[in-house]
Amino acid sequence: MKIIVGHTNMDLDCIGSIVLMKYLYPDHIPIMSRLINPATKNLVNLYHYHLDFKPSDELKGENVEQAIIVDTRSYSRVKEYFDMIENEVKDIIIYDHHSADSCDFNEAKIFEGNFGSNTTMIGLELLKKGVSISHKDATIALTGIYADTGNFTHDNICEDDFRVASYMLKHQADIKLVNNFLKTLREDYQVSLFHKIMNTLVWQNINGHQIIFSYYSMNKQAAGLAAVVEEIFNIENPDAIFGVFHFEKPGDTVIIGRSGKSIIDLMDILAQFGGGGHSKAASALVKQSKGRDIFMNLMETLTARLQYAVTAKNIMTKDVITIKETWNLKEASVYFEEMDISGAPVLNEDGSLCGMLTLRDIMKGRKNDHINSSVKAYMKTKLITSNPNTTIREIENTMFHNSIGHLPVIDDEKIIGIITREDLLKYLKVN
């Protein structure tokens with residue numbers, strides 16, 4: 001017997017991976033986990049007969065010649081299958097895009113890569129071979145890609161994710177069905193839990209980062225908690241969110257994290273609790289634990305390990321190009337063109353900041369036939385500034401809400417730098 005398995009609590013990317021793997025290994029039997037992520041259940045139900053996965057309990061007493069594992073390399077996440085198999089499986093092949101994770105299968109042959117979704121990695125092999133895919137399998141695979149890339153918004157997406165998605169569309173993947181399958185809060189208890197947690201959120205500033213925490217005690221474990229945490233994350237838009245759920249009956253605690261910043265590495269943070277996942281989406285299960293103790297431990301871990309937030313002094317342009325209030329608009333216009341800038345701080349005679357002048361201000365003067373008027377007459381005097389320790393989040397909010405492209409940085413009443421749109425874009429591009 002030869003089998004294809006994915007991690008327990010199967011998600012959409014896991015299902016998509018197995019479906020495509022069948023094209024590479026047609027003589028292998030796909031196996032369904034006992035646990036299905038709630039966001040995945042609708043797809044599995046509607047495609048039940050098409051998928052034709054064997055339930056994991058049918059492995060009991062079977063001898064397995066070869067096992068292909070997708071979307072994980074951790075034994076604990078596939079233990080439910082191997083516990084039922086009669087023999088020790090020595091021929092194991094792994095297709096997993098979690099390259100940073102450690103592998104528990106020492107002799108396994110591993111295929112890995114930096115892809116936004118695991119489905120992409122397998123789809124790329126089919127694309128290279130020119131394999132034709134049924135429209136149903138293309139739809140399932142495309143759903144997996146969309147789900148694990150956050151609709152192509154996660155930082156880890158690459159060109160190949162788009163290539164494979166396009167390949168699925170060429171094979172008549174149904175985008176309407178994909179959108180339907182991507183709906184996250186399908187269960188009534190998820191919606192109820194969402195509203196309860198929204199009313200108990202705690203915001204904390206830790207090392208300059210705005211982080212949301214939620215602690216919730218439940219009678220027993222429930223599926224689909226990650227979808228609830230992610231929905232809150234998308235709505236509240238913090239730098240990171242941590243949902244801590246304690247289950248009273250087994251006495252276990254789950255931590256679910258989502259991050260919007262590369263500097264907040266969830267893999268590093270939740271590894272302290274035996275967790276795993278991605279740098280921006282990870283979770284940890286702590287068995288036989290006291291929920292409140294885990295929650296406090298998490299807070300302490302964040303304070304100790306979290307790098308300080310980027311501030312104005314880290315991204316500002318230090319060599320500030322300035323103009324004098326005694327200049328006229330024509331002189332400023334010529335200077336702007338020479339220096340290839342769109343605005344500059346205005347300094348008075350003692351070198352203190354007294355205004356801001358932009359190309360738009362110069363255009364107003366030119367339109368009014370006042371090009372020879374003084375800079376002082378057209379500059380903005382209601383100044384919006386920052387200090388060296390203003391965080392990047394505050395900088396973004398300030399520039400967005402005030403519709404400005406130049407933010408002077410002031411220290412001890414002197415201008416020490418300026419943040420422009422280009423400075424901010426340069427930072428956001430790599431973070």
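The values are calculated or read from the model by the stated rules, or taken from the named source; none is laboratory data. Worth saying up front: this structure is predicted, and the values here are computed from it rather than measured. Because the Cβ atoms are built from the backbone with ideal geometry, glycine has one as well, and the counts that use them run over all protein chains shown. All accessible areas refer to the heavy atoms of the entire protein, side chains included, with ligands and DNA or RNA removed. Shrake-Rupley method; radii C 1.70, N 1.55, O 1.52, S 1.80 Å.
Can you give me the pair-distance distribution of the chain, C-alpha pairs, 10 Å bins, whole percents?
Taking all Cα pairs of the chain, the binned fractions are 4, 18, 23, 20, 14, 11, 7, 3, 1, 0 percent.
For Asn348 paired with Tyr75, estimate the spin-label separation in nm (one decimal), with each label point 7 Å from Cα along the Cα-to-Cβ line.
7.4
Using the per-residue mean of other Cβ atoms lying within 10 Å as a proxy for protection, in what order, highest first, do the peptides 106-118, 191-203 fall? Before the final figure, lay out the partial values.
On the way: 106-118: 17.5, 191-203: 13.2.
Ranked from most to least packed, the peptides come out as 106-118, 191-203.
When the gyration tensor of region 221-306 is built from Cα positions, what are the square roots of 5 times its three eigenvalues, in whole Å, from largest to smallest?
20, 16, 11
Using a basic spin-label model with each label point 7 Å from the Cα along Cα→Cβ, how many nm lie between Lys249 and Ile341?
In this crude label model, Lys249 to Ile341 measures out at 6.7 nm.
Tell me the mean residue ellipticity at 222 nm calculated for the chain from its helices only (DSSP H runs of n ≥ 4, each -39500 (n - 2.57), averaged over every residue, nearest 500).
Dividing the helical sum by the residues of the chain leaves -11000 deg cm²/dmol.
Assuming 0.36 nm per residue, please report the length gained on full extension of the stretch Asp104 to Gln66 beyond their Cα-Cα distance.
Here the answer is 12.0 nm.
Once you have a ≥ b ≥ c as the square roots of the Cα gyration tensor eigenvalues for region 117-227, tell me rounded if a/c is under 1.5, and otherwise prolate or oblate according to whether a/b is larger than b/c.
Judged from the Cα gyration tensor, region 117-227 comes out prolate (a/c at least 1.5, a/b above b/c).
What distance in nm separates the two pseudo spin-label positions at Lys290 and Thr153, each 7 Å out from Cα along the beta-carbon direction?
A separation of 3.9 nm, rounded to one decimal place.
What base-10 log of the normalised intensity I(q)/I(0) is obtained for region 57-136 from the Debye formula, alpha carbons as equal point scatterers, at q = 0.11, 0.12, 0.13 Å⁻¹?
Taking Cα atoms of region 57-136 as identical point scatterers yields -0.35, -0.42, -0.49.
What length, rounded to one decimal in nm, is gained on full extension from Arg34 through to Asp91, with 0.36 nm per residue of separation minus their alpha-carbon distance?
18.2 nm
Which FRET efficiency value, to the nearest 0.05, do you get for Met84 and Gln204 by plugging their Cβ-Cβ distance into 1/(1 + (r/R0)^6) with R0 = 41 Å?
Rounded to the nearest 0.05, the efficiency is 0.40.
Set the Förster radius R0 to 51 Å, insert the Cβ-Cβ distance between Thr301 and Asp369 as r into 1/(1 + (r/R0)^6), and round the FRET efficiency to 0.05.
Rounded to the nearest 0.05, the efficiency is 0.20.
Does a label point 7 Å from the Cα of Lys183, set along Cα-to-beta-carbon, have any residues of region 12-45 with amide nitrogen under 12 Å, and which are they?
Those under the cut-off are 42-43.
How big is region 242-291 in terms of Cα radius of gyration and Dmax, in angstroms?
Using the Cα atoms of region 242-291, the pair Rg, Dmax is 11.1, 36 Å.
Structure shown: which of Lys382/Lys414; Lys79/Lys249; Lys313/Lys367 lie over 27 Å apart, alpha-carbon to alpha-carbon? If you can, show how the numbers build up before the last one.
Working: Lys382/Lys414 16 Å; Lys79/Lys249 22 Å; Lys313/Lys367 37 Å.
Long pairs (Cα-Cα over 27 Å): Lys313/Lys367.
Can you give the log10 of the normalised intensity I(q)/I(0) at q = 0.21 Å⁻¹, computed with Debye over equal Cα scatterers of region 307-373?
-0.88
In region 107-230, how many lysine pairs have Cα atoms under 30 Å apart, counting only pairs 8 or more places apart or on different chains?
For region 107-230, qualifying lysine pairs total 15.
Using only Cα atoms, locate the centre of region 270-300 and the centre of region 321-359, then give the distance between them in Å, rounded to an integer.
So the two Cα centres are separated by 53 Å.
Could you compute the FRET efficiency for Tyr427 and Gln172, with r as their C-beta to C-beta distance and R0 at 60 Å, rounded to 0.05?
0.90
Given H placed 1.01 Å from N in the peptide plane, which residues other than close sequence neighbours of Ala240 have an amide H under 5 Å from its amide H?
Ile212, Gly260
In whole Å, what three semi-axes, largest first, describe the equivalent ellipsoid of region 1-115 built from its Cα gyration tensor (square root of 5 times each eigenvalue)?
Values: eigenvalues 78, 62, 34 Å².
Listed largest to smallest, the semi-axes of region 1-115 are 20, 18, 13 Å.
Going by accessible area, probe 1.4 Å, with all protein chains left in place, what is the ranking of Thr398, Thr143, largest first?
Thr398, Thr143
Roll a 1.4 Å probe over the protein chains and send me the accessible area per residue for region 339-431 in Å².
With all protein chains present, region 339-431 gives 62 Å² per residue.
Go through region 25-70 and name the trypsin sites (Lys or Arg not before Pro) that are in a DSSP coil and have 11 or fewer other Cβ atoms within 10 Å of their Cβ.
Counting only loop positions with at most 11 other Cβ atoms within 10 Å, the trypsin sites (Lys or Arg not before Pro) in region 25-70 are Lys60.
Quick check: at a probe of 1.4 Å, how many percent of the accessible area of the chain sits on carbon and sulfur atoms?
47
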